[in-house]
Structure formats: C-alpha cells, structure tokens
Amino acid sequence: MGTQNTSIHGEWSSRLAFILAATGSAVGLGNIWKFPWLAGENGGGAFVIVYLLCIALIGLPVIMAEVMLGKRGRSSPINSMKILAKEAGRTQWWQALGWTGVIAGFLILSFYSVIAGWALAYIPRLASGMFAAVGDLSTTKEVTDFVSTRFNELTGNPERLLAWHTLFMIVTVTMVAGGVQGGLERAVRWMMPALFIVLLVLVGYAMSTPKFMDGVHFMFNIDFHKLFYPNGDEFSGAGVLAAMGQAFFSLSLGMGAIMVYGAYLPKHASIAQTTTAVVIADTLVAILAGLIIFPIVFTNGLEPGAGPGLVFETLPIAFGQMPYGTFMGTLFFVLLALAAWSSAISLLEPAVAWLVETGKFTRPIAAIGCGVAVWLVGFLTIFSFNIWSDVKPLSMFSVDKTFFDLIDYLTSNIMLPLGGLFIAIFVGWLMKKQIVTEELESSPDSLGYRVWHFLLCYVTPLGVGLVFLNAIGVFS
Ligand code: PHE
C-alpha cells in the first residue's frame, strides 16, 4: 500500500500547485499577526535570530521529512503513519502522531478562526473609511487611542466576534468540502502573489515614516539579554521556546497539515526544491511584516510588546495616513483573510481526509462535522478577550493565562515541536534508508542528503530537547 501512486483524495495538478498550496498553508496569520507580536514581546533582534536559526536548522529538515512521509503514505496522517510504521516494521503506536496532529489542528483552528475573524471585521471598517479620521487628529496619542479603542470595541464584543468566527468557519468548511483541486488549489493560485505585492507597497510606506531605521534596528539588533532576561535579571528560556514554536507554527509543521499536502504530491516532484521554495517564501513574508509593523510602532510611540492586538492597532494608523489608504487597507485585510483561509483549510484537511478514508462519510459531511467541532471550541477563544478575560484556568499552578493563551501555548510551544521531534526520529532513525532516498529521489551519498540526514537525526532532536529543558529553567 505504501507505494501506491495516488491518494483516494486526488492530487495537485502540478508541482507548482503543490508549492502554492503549501505556501498557502504556511503563509497566514502566523507571519503577519503572530510573528510581529512575538518578536515585539520578546525584545526583537535576538528573537528573530533564534527564529531564523530554528527555521534553517530544524524547520527545513523537518518539512522535507514531513512531506516525504505524506508522499510515501498517500493518505491522511493517521493512515499514512499506520502504513509507514508497518512498512518500517515498527509499532502501530506511531499512528498516535497522526491523532495528536488532528487534535492540534482542531485546537489551532479554533483560535485561528477567531483571529481571522478580526481580519474579516476590519474589511468593512477600512472600506467605510473609518480610519481616515486618523488624518484629522493632531497628536499621536489621539491617533493611537482612536485606533486601539476601535480594536477594543471589536474584541470586547462576543457577539460580533462570534459572527465573524462563524463566517470564517463556514467558508473554510466549504473550501475543504470542495476537495483537492476544486477547493484548495483554486483558492491559492492568485492570492499569494497579490499578498506579496501589497506587502511590498506597505514596506514602501514604512520606509517613508521617520522611524523606519528604528524598526529595522529593533528587528535585527541582537540583544540576547532582552531575550533571556525579559524582566530584569530573572532568567527565562520562554523566549527561545516561543521562537522555536513559532518556527513550527509558521511552517505548518508537526501536526500533519504538510504531511497530508505531501500525500497529494504528484509522484515525481522534487521534495527538496519545493519545500525550500515554501520555506523561503514563508520567511520573507514574516520579515516583511516586521519591517512594516515596527517602524509604525516607533513612529507613533507605541509599545512593541502590545500583544496579540499589535497588527490591528498599528496598520490602521498607516492606512489612515497614507495616500489611497482606504483602498490599500481594504485590500490588505481581504488578502490577510484569504491567506488565513488557505492556512485554515490545511488545519482541517488531516481530520477530514481520515474521516473520508474510513469509508463512512462523504467529504462534505466530514468537513461539516469537523467544522462544527472546531467552531464550538472557538468559544473559548472568543470569551478569552471579553467576558472571560480574567478566567485563568491554571491559576492554581500560578500560570497566568487565558484559555486563548493556553491553547496557543499548548499547540505552538509543545504539540508542534513534539510532533516535529517524533517525525525526525521516525524518518531519521526508523525508516529504511532505501525508501527515504527513493521518495526524496536522492542518492544516499549526495552531500545534500547527508546534510539533511544529519540535521534530522541529531540537530532536530537535540535542538528541540535543549529548548524544552531551557524553557523549564534547567539551565538557569
Ligand atoms: N502556518 C500557518 C500560519 O502561519 C498556521 C498553521 C499552523 C497552518 C499549523 C497549518 C498548521 O498562519
């Protein structure tokens, strides 16, 4: 079964289609909303460097391994792992990797959809010229107050958040129900290039702000003290863990999204080349987002560590002040929502593919069932920003986190890196070399293969392990 040529779900029409879809999965809120927020909160430069190192030394080898697993297994992550464990003569417990991935996907999508709902809510706000009023205000304080009040009006209102979350989930389910070529592929063909162009225009605007260089400096000035000692002289490994977690999150790694996309890869498509293209595109978008946000932050005297609202409290200032801002702003949030959709579908796809493979459900029914489950879990995130903002479920362990914070932490910082670790161990140590090289279409003696194999076998497990130990304070 492991060598069958196509999956029952169909396949991408070409190599380019796979690159677009995988880039669609990788590029999303993680790059534009989460990366600047985390970089700002963790002191800038040192966080960015650790993030980039994680991408290059862990993310790239793991994405290749994960796509390869999918391409070999040709099924949902749960069944692919079952088939591959059998083929490698290993225990069926490896299926658990598929299961935890499905759970991680549900949890991530439950908050992802709520945040994507913010982006949706900002489309009519910008289109109606709400932020053009910023141009008439005289002090930066008035400007920043105006913009943050608008943001708080939205997040403080559970009904409104629910409405946008519902809309986002309905469209996600519809796209997943449409299947590989009909739904997933059509959506990403044109929106990735469009998003990139709008980001470049915004970088142009950021360059025209007086504090552009401060923003650049913040992002690239490496100050490890800020990363390890965020509160003065108390050591914390949390920033490094956040950077590693973000690398996994941003590349959609460790939960089967990229694996299931690999299952739809045409038989002879180069994994190394396609995944490298995806990693480069993803990293570029995150860096561009930072180069846009931080100059606006410093020009308007805002706090880089403002938290999850950062993007929504900075960009509207730019749109309110720049020429054609109403148009550009509307377009930007439309594209952000589309980028979020192309990621959301990949969060749902592993579970839906598995349900279809059981033979008991049609694709639309499976998609609706999963969508409803995720939609319900989403309430936890919605309420985290208003009526439950003071509810800290783990406060008895002195963990000061809302439901949203907890779900985000559990998935990005724990589940995805662990998923990646197990993928690395399975591919690096347990699979037959001959199968691995066959799927990668590479010779075991080539330099590229040897470097990849070394990173996967040693650097990934060691890196993930050390960052975990560091985060629980073992090295302090
Ligand atoms: N990579 C996506 C983003 O950066 C989020 C995501 C995570 C998608 C995990 C799929 C799996 O927005």
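The values are calculated or read from the model by the stated rules, or taken from the named source; none is laboratory data. Note that the coordinates shown come from a computational prediction; the quantities given were computed from them, not determined experimentally. As a convention, Cβ positions derive from the backbone with ideal geometry for all residues, glycine included, and neighbour counts pool all protein chains shown.
One table, with the values for the structure above:
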read-out: Which listed residue, of Trp33, Trp37, is surrounded by 24 or more Cβ atoms within 10 Å (Cβ to Cβ) and either within 12 Å of the ligand (Cβ to nearest atom) or part of a helix (DSSP H, G or I) (or both); value: Trp33
read-out: Test: residue in the stretch 49-58 that is at pLDDT 95 or above, within 16 Å of the ligand (Cβ to nearest atom), part of a loop (DSSP other than H, G, I, E, B) and not aromatic (Phe, Trp, Tyr); value: no
read-out: Pairs with Cβ under 8 Å, 6+ apart, first in the stretch 394-423 and closer than 16 Å to Ile55 by Cα and among the hydroxyl-bearing types (Ser, Thr, Tyr), second at pLDDT below 95 and surrounded by fewer than 17 Cβ atoms within 10 Å (Cβ to Cβ); value: none
read-out: Residue match in the stretch 120-138 (condition: of a type in the set (Phe, Trp, Tyr) and either within 16 Å of the ligand (Cβ to nearest atom) or free of Cβ contacts under 8 Å to residues at least 40 places away in the same chain (or both)); value: no
read-out: Among residues of the stretch 258-274, those that are in contact (Cβ under 8 Å) with a residue 12 or more places away in the chain, farther than 13 Å from Arg74 by Cα and assigned to a helix (DSSP H, G or I), counted; value: 3
read-out: Single condition Ser384 does not satisfy, out of (1) within 24 Å of the chain's Cα centre (by Cα); (2) buried (at least 19 other Cβ atoms within 10 Å of the Cβ); (3) touching a residue at least 40 places away in the same chain (Cβ under 8 Å); value: (3)
read-out: Lone qualifier among Ala269, Ala206, Ala247 - being among the aliphatic types (A, V, I, L, M) and within 16 Å of the ligand (Cβ to nearest atom); value: Ala247
read-out: Test for Ile19: is it closer than 19 Å to Ala424 by Cβ, within 16 Å of the ligand (Cβ to nearest atom) and touching a residue at least 24 places away in the same chain (Cβ under 8 Å); value: no
read-out: Some residue of the stretch 303-316 being polar (S, T, N, Q), surrounded by fewer than 24 Cβ atoms within 10 Å (Cβ to Cβ) and either on the phi < 0 side of the Ramachandran plot or without any contact (Cβ under 8 Å) to a residue 40 or more places away in the chain (or both); value: no
read-out: First in the stretch 91-112 and touching a residue at least 40 places away in the same chain (Cβ under 8 Å) and within 12 Å of the ligand (Cβ to nearest atom), second anywhere and small (Gly, Ala, Ser) and not in a helix (DSSP H, G or I), Cβ under 9 Å, 6 or more apart; value: Gly101/Gly254; Gly101/Gly256; Val102/Ser76; Val102/Gly256; Ala104/Gly254; Ala104/Gly256; Gly105/Gly256; Tyr112/Gly28
read-out: Filtered residues of the stretch 65-90 (kept if acidic (Asp, Glu) and within 16 Å of the ligand (Cβ to nearest atom)); value: Glu66
